[in-house]
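Report on the following structure.
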Amino acid sequence: MHHSSLIGGYLEQLRRLSAEQQGRVLDLACGSGRNGLYLVENDIPVTFADVNGEALEQVKQSLSSASTDKQRLAQYWLVDFEQTNTIPLNGKSFAAVMVFRYLHRPLFEQIKAAVTPGGMIIYETFTQQQAQFGRPKNPDFLLKPSELVELFDDWSILYSFEGVVNSTDNCHDKQSIARIVAIKPDLAQ
């Protein structure tokens with residue numbers, strides 16, 4: 001269960017952000033929670049959010065042998081981000097939001113709003129080219145060229161990548177993905 005290589009480089013920044021803002025990191029559509037668990041291991045408070053209660057139970061189980069302090073860092077939020085006419089992130093704020101391998105376009109504005117000013121987004125998911133390598137093939141779940149960068153063009157982008165990578169999962173050799181790490185403008189400056 002490896003966490004995404006994308007997070008490793010921003011660990012210190014995430015730790016500082018969550019401390020400064022007294023905020024948590026949202027692991028959105030966390031699934032097995034591998035990325036959030038990596039943050040918790042590194043003493044960063046995480047809210048694990050997923051529509052799948054069993055997945056959240058598993059995350060909880062993964063932490064059952066951890067120290068109480070570490071267990072306290074984790075919160076669990078059972079939520080359907082795709083339910084029509086709901087705004088699940090409304091009124092919530094996080095020092096950072098990370099999203100891996102998940103795309104639901106109506107959420108983008110909510111995600112942007114939920115990051116506190118000066119906070120961070122870490123996003124990685126498949127692009128349209130993925131369809132030639134395997135799933136997902138549904139265009140609803142695939143980013144268009146430059147879509148991610150354009151979405152965050154008013155943020156300060158620390159890192160972005162779009163292209164084909166060798167897969168870390170064994171099912172396919174190649175994956176077509178886009179990644180971005182960006183900081184929300186702090187309007188006070």
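The values are calculated or read from the model by the stated rules, or taken from the named source; none is laboratory data. None of the values given here were measured: they were computed from a predicted structure. Methodologically, a virtual Cβ is constructed for each residue, glycine included, from the backbone with ideal geometry; neighbour enumeration extends over all protein chains shown.
Let's see how each residue does on (1) aliphatic (A, V, I, L, M); (2) under 14 Å from the mean Cα position of the chain (by Cα); (3) modelled with pLDDT of 95 or more; (4) on the phi > 0 side of the Ramachandran plot:
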position	(1), (2), (3), (4)
GLU54	no, no, yes, no
GLN71	no, no, yes, no
GLN75	no, no, yes, no
PHE81	no, yes, yes, no
THR84	no, no, no, no
VAL97	yes, yes, yes, no
ARG101	no, yes, no, yes
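Taking the criterion of being at positive phi and out of contact with any helix residue (DSSP H, G or I) (no Cβ under 9 Å at 6 or more places or on another chain), the residues of segment 134-184 that qualify are GLY134, SER146. Scanning segment 135-185 for residues that are in a strand (DSSP E or B) and either within 18 Å of the chain's Cα centre (by Cα) or polar (S, T, N, Q) (or both) yields a total of 18. Within segment 135-154, the residues that satisfy the criterion of being free of Cβ contacts under 8 Å to residues at least 40 places away in the same chain and touching a strand residue (DSSP E or B) at 6+ places or on another chain (Cβ under 8 Å) are PRO136, PHE141, LEU142, LYS144, PRO145, SER146, GLU147, LEU148, VAL149.
This table checks each residue for (1) of a type in the set (S, T, N, Q); (2) outside any loop (DSSP other than H, G, I, E, B); (3) in contact (Cβ under 8 Å) with a residue 40 or more places away in the chain; (4) surrounded by fewer than 13 Cβ atoms within 10 Å (Cβ to Cβ).
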site: HIS2; (1), (2), (3), (4): no, no, yes, yes
site: ASN35; (1), (2), (3), (4): yes, yes, yes, no
site: TYR38; (1), (2), (3), (4): no, yes, no, no
site: ASP80; (1), (2), (3), (4): no, no, no, yes
site: GLN83; (1), (2), (3), (4): yes, no, no, yes
site: ILE111; (1), (2), (3), (4): no, yes, yes, no
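Does segment 140-151 include one or more residues that are exposed (fewer than 13 other Cβ atoms within 10 Å of the Cβ) and in contact with a Pro (Cβ under 9 Å, 6 or more places away or on another chain)? No, there is no match, as no residue in segment 140-151 is exposed (fewer than 13 other Cβ atoms within 10 Å of the Cβ) and in contact with a Pro (Cβ under 9 Å, 6 or more places away or on another chain).
Hey, could you check segment 4-33 for residues that are out of contact with any helix residue (DSSP H, G or I) (no Cβ under 8 Å at 6 or more places or on another chain) and in a loop (DSSP other than H, G, I, E, B) and say which is surrounded by the most Cβ atoms within 10 Å (Cβ to Cβ)? Taking the candidates together, the pick is ALA29.
Residues in segment 61-78 that are part of a helix (DSSP H, G or I) and either surrounded by 12 or more Cβ atoms within 10 Å (Cβ to Cβ) or of a type in the set (D, E, K, R) (or both): 6 in all.
Reported count of residues in segment 94-103, each being touching a helix residue (DSSP H, G or I) at 6+ places or on another chain (Cβ under 6 Å) and assigned to a loop (DSSP other than H, G, I, E, B), is 1. Among the residues of segment 120-134, is there at least one that is modelled with pLDDT under 95 and assigned to a loop (DSSP other than H, G, I, E, B)? Taking every residue of segment 120-134 in turn, at least one turns out to be modelled with pLDDT under 95 and assigned to a loop (DSSP other than H, G, I, E, B).
Is there a residue in segment 126-133 that is closer than 18 Å to ALA29 by Cα, touching a helix residue (DSSP H, G or I) at 6+ places or on another chain (Cβ under 8 Å) and either small (Gly, Ala, Ser) or surrounded by fewer than 16 Cβ atoms within 10 Å (Cβ to Cβ) (or both)? So far as segment 126-133 goes, no, none of its residues is closer than 18 Å to ALA29 by Cα, touching a helix residue (DSSP H, G or I) at 6+ places or on another chain (Cβ under 8 Å) and either small (Gly, Ala, Ser) or surrounded by fewer than 16 Cβ atoms within 10 Å (Cβ to Cβ) (or both).
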